[in-house]
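Peer 1: Questions regarding the structure given below will be posed in turn.
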């Protein structure tokens, strides 16, 4: 089977069949990762460049490890220590790299649409590792894989996305994916952190009541407050946010049923999640990190077209 697209720019561009194919391929690669020898030759002689114009730990390491597990050749680019710091444009940077015969580009950029811009101008396959406040497709895919692993299916699942919805590319990608795969979605947070018209635009239910939302859902995907993206004051203090939208052990224990807690990381401990929740048996946060490698292996492999060779 083959993806319907040459690039992974966002969940918006994927079909349900594409999503199912990536998740089923990730399942096979996760089995590979349990073996004593975790490396396969699937992408031998494929050269991949990781272009990270924003700071990243989990996503960058996860992509690098996925590439190494597939035996790809990799180049790692950090904007702060490159010619980009001297004013070189994104297109010039990529064209210079492509002259070295690169096959795939993984890009994270603060500008919304940067991966789409590259896809129009260069022949290499592009994977979006996060662009502005637009999308983060591989995070949504690994979240979906983790939910499927826990519950067996996405269809009919009740998923709450809680926190800074306004600035979150993770929220956007998750909403698109969950809707395509038949899950029900509620977004919850302060009114100032939920976009106007999101209910109609993205087919979600909006709630401002955390306890009510947690009672409804099976899975709570909790997001970080992205202070670095906020150019105005949107709530009075982190203490106020924690009191109204932070999840602690006492709150979880007060619910009528156990729920599963997720977080894309990094966690602001003591703000959106207390440690006794993040590290509890109800949390699958570390499974998300583990599953990220398998999902990114699947995306890289399928976009390389090696499965059709």
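The values are calculated or read from the model by the stated rules, or taken from the named source; none is laboratory data. Quick caveat, the model's predicted, so the values are computed rather than measured. Quick reminder, even Gly has a Cβ in these numbers, built from the backbone with ideal geometry, and neighbours come from all protein chains shown.
Peer 1: Quick one: in region 195-229, which of the residues that are under 19 Å from residue 263 (Cα atoms) and at pLDDT below 95 is surrounded by the most Cβ atoms within 10 Å (Cβ to Cβ)?
Peer 2: 225
Peer 1: For region 263-276, state whether one or more residues are modelled with pLDDT of 90 or more, part of a strand (DSSP E or B), surrounded by fewer than 22 Cβ atoms within 10 Å (Cβ to Cβ) and in contact with a helix residue (DSSP H, G or I) (Cβ under 7 Å, 6 or more places away or on another chain).
Peer 2: Step one: filter region 263-276 for residues modelled with pLDDT of 90 or more, giving 263-276.
Pick out the ones that are also part of a strand (DSSP E or B) and you get 269, 273.
Filter once more, so that each one left must be surrounded by fewer than 22 Cβ atoms within 10 Å (Cβ to Cβ): 269.
Imposing the further condition that a residue be in contact with a helix residue (DSSP H, G or I) (Cβ under 7 Å, 6 or more places away or on another chain) reduces the set to 269.
Within region 263-276 (the criterion being modelled with pLDDT of 90 or more, part of a strand (DSSP E or B), surrounded by fewer than 22 Cβ atoms within 10 Å (Cβ to Cβ) and in contact with a helix residue (DSSP H, G or I) (Cβ under 7 Å, 6 or more places away or on another chain)), the answer is yes, since at least one residue qualifies.
Peer 1: Report yes if residue 149 is outside the structural domain of residue 106 (by TED's automatic domain parsing), more than 30 Å from residue 99 (Cβ to Cβ) and in contact with a strand residue (DSSP E or B) (Cβ under 8 Å, 6 or more places away or on another chain), otherwise no.
Peer 2: Judged against the criteria, residue 149 is not a match.
Peer 1: Please state which of the following conditions residue 18 fails to meet, knowing it meets all the rest: (1) touching a residue at least 12 places away in the same chain (Cβ under 8 Å); (2) more than 20 Å from residue 155 (Cα to Cα).
Peer 2: (2)
Peer 1: Still on this model: Show me the helices (runs of 4 or more DSSP H) entirely contained within region 47-130 in which 1 or more residues are at pLDDT below 90 and out of contact with any helix residue (DSSP H, G or I) (no Cβ under 8 Å at 6 or more places or on another chain). Spell out how you get there, then give the answer.
Peer 2: On the way: elements: 58-69, 90-98, 114-121.
Result: 90-98.
Peer 1: Criterion first (at pLDDT 90 or above, touching a helix residue (DSSP H, G or I) at 6+ places or on another chain (Cβ under 8 Å), assigned to a loop (DSSP other than H, G, I, E, B) and crowded, with 18+ Cβ neighbours inside 10 Å) does residue 23 satisfy it?
Peer 2: On the way: at pLDDT 90 or above: yes; touching a helix residue (DSSP H, G or I) at 6+ places or on another chain (Cβ under 8 Å): yes; assigned to a loop (DSSP other than H, G, I, E, B): no; crowded, with 18+ Cβ neighbours inside 10 Å: yes.
No, not satisfied.
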